[in-house]
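Have a look at the structure below, then the notes.
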Amino acid sequence: MQLPIDPQFIAAQNEAWRRHVRNDYEHLGEQLARRGIDIAHITPQVAAFGVAIPSWGVGTGGTRFARFPGLGEPRDVFDKLQDCAVIHQRGHATPTVSLHIPWDRCSDYAELRGQAQAYGLGFDAMNSNTFSDQPGAPLSYKFGSLTHTDAAVRAQAVAHNLECIEIGRALGSQALTVWIGDGSNFPGQQHFRRAFDRYLESTRQIAAALPPDWRMFLEHKICEPAFYSTVIQDWGSSYLAATALGPQVQCLVDLGHHAPSVNIELIVARLIAAGKLAGFHFNDSKYGDDDLDAGSVSPYRLFLVFNELVAAAHEHVAGFAPAYMLDQSHNVTDPIESLIDSAEQVQRTYAQALLVDRAALDEAQQANDALGATRLLKAAFQTDVTPILQFVRMEAGAAVAPVAAYRASGYRARMAQQRPARSGGGGGIV
Ligand code: LRH
Ligand code: MN
């Protein structure tokens with residue numbers, strides 16, 4: 001493996017931690033054993049946990065008002081891949097990258113795949129983009145893409161998704177995420193039922209082009225860029241479409257795509273029961289699609305989602321194979337640090353959810369012992385699983401303290417030398 005940072009540097013960083021990590025791990029093991037939990041049963045599951053990095057997240061993000069690029073911004077998909085390798089080398093919880101086309105288009109995908117393998121990385125779901133006009137594209141998506149009233153625009157959007165599948169096949173990806181911003185800004189502007197019919201007509205063509213071992217993820221979103229109606233506005237519209245489109249098509253849940261008070265874990269439970277849960281775009285939000293770092297605002301909300309996921313795995317629910325991805329916009333932090341931290345936060349939340357005493361919870365629910373039940377969840381959520389995360393990283397040759405190790409590596413300063421500074425200017429998420 002050709003790693004961007006010398007593994008010896010990480011090993012040296014870990015030296016000071018080794019004895020403490022072992023002691024803390026053994027101590028937590030004793031505490032968990034008193035709760036009837038075998039830490040040796042939990043740790044391998046945590047070690048096997050992985051969440052994909054969004055390629056568009058390693059560059060500084062922005063809003064419609066402005067974007068303030070940082071130092072050493074990635075120039076192309078190869079720079080992004082190198083930054084993703086730094087993140088995985090640190091936290092060892094992000095073995096795959098989710099690409100976005102055309103932002104990650106390049107001339108040689110075999111070379112890109114080779115570079116990823118050299119970094120020990122793979123490719124998760126591909127993301128198509130018919131929410132902005134491609135340079136030189138004959139037709140505009142101003143009034144929609146897969147649901148546009150003009151069949152030629154729909155055909156252009158379908159063709160783009162088929163191209164994303166071809167690129168993904170060359171890279172070893174096995175899924176396509178389709179999020180479209182199609183909708184309306186004025187009452188009366190769009191015929192809701194006809195727009196949905198056009199969506200099905202277009203996505204049916206994309207689904208028909210899926211290789212047999214691929215899946216297509218439909219991503220719903222309450223609003224933005226359309227602010228009166230959105231064609232795939234909620235899980236209901238997504239589920240109706242995924243059901244109509246067949247077993248290879250499922251519903252992806254981006255945590256930030258719901259109204260603030262929506263019970264997302266209940267939506268997750270419904271999609272699991274229907275065998276239609278594609279997976280997640282993890283992030284956090286307080287108001288809208290804020291794309292903040294996962295678990296940075298409402299860690300308990302993230303935990304309640306993972307509680308449903310761990311319960312489904314525990315009960316061996318049929319067809320349960322969710323894809324885990326981050327989808328964040330890093331406007332004021334070093335994106336690499338945010339992604340290292342967010343991947344750890346998601347892995348931490350998974351570890352906590354593994355600590356829920358499922359048998360006792362079943363009993364409390366059966367007995368309508370509301371407080372007993374919710375205290376079982378709190379007991380797991382309030383367990384500091386840091387020793388397990390540090391132990392897993394140390395055993396994997398990753399950094400016990402990944403953000404500190406990244407800062408000490410001077411990687412960002414080196415990239416600032418190698419990569420020309422990018423000026424700020426107009427808004428936009430990338
Ligand atoms: C839409 C979205 C979608 C991506 C985009 C970058 O808000 O969540 O998943 O294509 O962000
Ligand atoms: Mn998303």
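We did not get these values from a lab; they are worked out from the coordinates using the rules stated. Since the model is a prediction, treat every value here as computed from it, not as a measurement. As a convention, Cβ positions derive from the backbone with ideal geometry for all residues, glycine included, and neighbour counts pool all protein chains shown.
Mind listing just one residue for me: the one in segment 167-193 that is among the polar types (S, T, N, Q) and within 16 Å of ligand 1 (Cβ to nearest atom) and, of those, surrounded by the fewest Cβ atoms within 10 Å (Cβ to Cβ)? For segment 167-193, the residue satisfying everything is S173. Set side by side, the residues F227, F280 differ, and just one is within 16 Å of ligand 1 (Cβ to nearest atom), among the aromatic types (F, W, Y) and not in a loop (DSSP other than H, G, I, E, B), which is F280.
Within segment 325-340, the set of residues being surrounded by fewer than 22 Cβ atoms within 10 Å (Cβ to Cβ) and either of a type outside the set (A, V, I, L, M) or within 16 Å of ligand 1 (Cβ to nearest atom) (or both) comprises N331, T333, D334, E337. Picking from residues in segment 47-64 that are within 16 Å of ligand 2 (Cβ to nearest atom) and aliphatic (A, V, I, L, M), the one that is surrounded by the fewest Cβ atoms within 10 Å (Cβ to Cβ) is V58.
Could you grab me the full set of residues in segment 315-332 that are closer than 16 Å to I53 by Cα and touching a helix residue (DSSP H, G or I) at 6+ places or on another chain (Cβ under 9 Å)? Within segment 315-332, P322, Y324, L326, D327, Q328, S329, H330 qualify.
Tell me the residue from A244, A273, A226, A278 that is farther than 22 Å from P54 by Cα and crowded, with 19+ Cβ neighbours inside 10 Å, please.
On the way: A244 fails: crowded, with 19+ Cβ neighbours inside 10 Å; A273 fails: crowded, with 19+ Cβ neighbours inside 10 Å; A278 fails: farther than 22 Å from P54 by Cα.
Being farther than 22 Å from P54 by Cα and crowded, with 19+ Cβ neighbours inside 10 Å holds for just one of A244, A273, A226, A278, which is A226.
The lone criterion from (1) within 16 Å of ligand 2 (Cβ to nearest atom); (2) within 22 Å of W56 (Cβ to Cβ) left unmet by K286 is number (1).
Can you spot a residue in segment 313-320 that is in contact (Cβ under 8 Å) with a residue 12 or more places away in the chain, out of contact with any strand residue (DSSP E or B) (no Cβ under 9 Å at 6 or more places or on another chain) and either closer than 29 Å to R407 by Cα or not aliphatic (A, V, I, L, M) (or both)? Yes, there is a match, as at least one residue in segment 313-320 is in contact (Cβ under 8 Å) with a residue 12 or more places away in the chain, out of contact with any strand residue (DSSP E or B) (no Cβ under 9 Å at 6 or more places or on another chain) and either closer than 29 Å to R407 by Cα or not aliphatic (A, V, I, L, M) (or both). Scanning segment 237-270 for residues that are away from ligand 1 (no atom under 16 Å from the Cβ) and acidic (D, E) turns up just one, E265.
Let's see how each residue does on (1) more than 20 Å from K221 (Cβ to Cβ); (2) not in a loop (DSSP other than H, G, I, E, B):
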{"position": "N129", "(1), (2)": "no, no"}
{"position": "A137", "(1), (2)": "yes, no"}
{"position": "Y141", "(1), (2)": "no, no"}
{"position": "A152", "(1), (2)": "yes, yes"}
{"position": "Q156", "(1), (2)": "yes, yes"}
{"position": "L162", "(1), (2)": "yes, yes"}
{"position": "I180", "(1), (2)": "no, no"}
{"position": "F186", "(1), (2)": "no, no"}
{"position": "R204", "(1), (2)": "yes, yes"}
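Give me the pairs, please: first residue somewhere in segment 232-256 and in contact (Cβ under 8 Å) with a residue 12 or more places away in the chain and under 14 Å from A175 (Cβ atoms), second residue anywhere and within 15 Å of ligand 1 (Cβ to nearest atom) and of a type in the set (K, R), beta-carbon distance under 9 Å, and either six or more positions apart or on two chains. Here the result reads none, with nothing in segment 232-256 linked to a residue that is within 15 Å of ligand 1 (Cβ to nearest atom) and of a type in the set (K, R).
Tell me, please, whether a residue that is more than 16 Å from ligand 2 (Cβ to nearest atom), in a loop (DSSP other than H, G, I, E, B) and buried (at least 17 other Cβ atoms within 10 Å of the Cβ) can be found in segment 357-371. The answer is no, given that none of the residues of segment 357-371 is more than 16 Å from ligand 2 (Cβ to nearest atom), in a loop (DSSP other than H, G, I, E, B) and buried (at least 17 other Cβ atoms within 10 Å of the Cβ). For segment 65-86, the count of residues that are within 16 Å of ligand 2 (Cβ to nearest atom), within 30 Å of A278 (Cα to Cα) and in contact (Cβ under 8 Å) with a residue 12 or more places away in the chain is zero.
Each residue in segment 101-144 was checked for being within 30 Å of F186 (Cα to Cα), within 16 Å of ligand 2 (Cβ to nearest atom) and of a type outside the set (V, I, T), and 5 of them qualify. Is it the case that I5 is within 30 Å of A413 (Cβ to Cβ), outside any helix (DSSP H, G or I) and within 16 Å of ligand 2 (Cβ to nearest atom)? Answer is no for this residue.
Residue by residue, here is whether (1) more than 16 Å from ligand 1 (Cβ to nearest atom); (2) closer than 25 Å to F65 by Cβ holds:
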residue: I272; (1), (2): yes, no
residue: S285; (1), (2): no, yes
residue: L292; (1), (2): no, yes
residue: S298; (1), (2): yes, yes
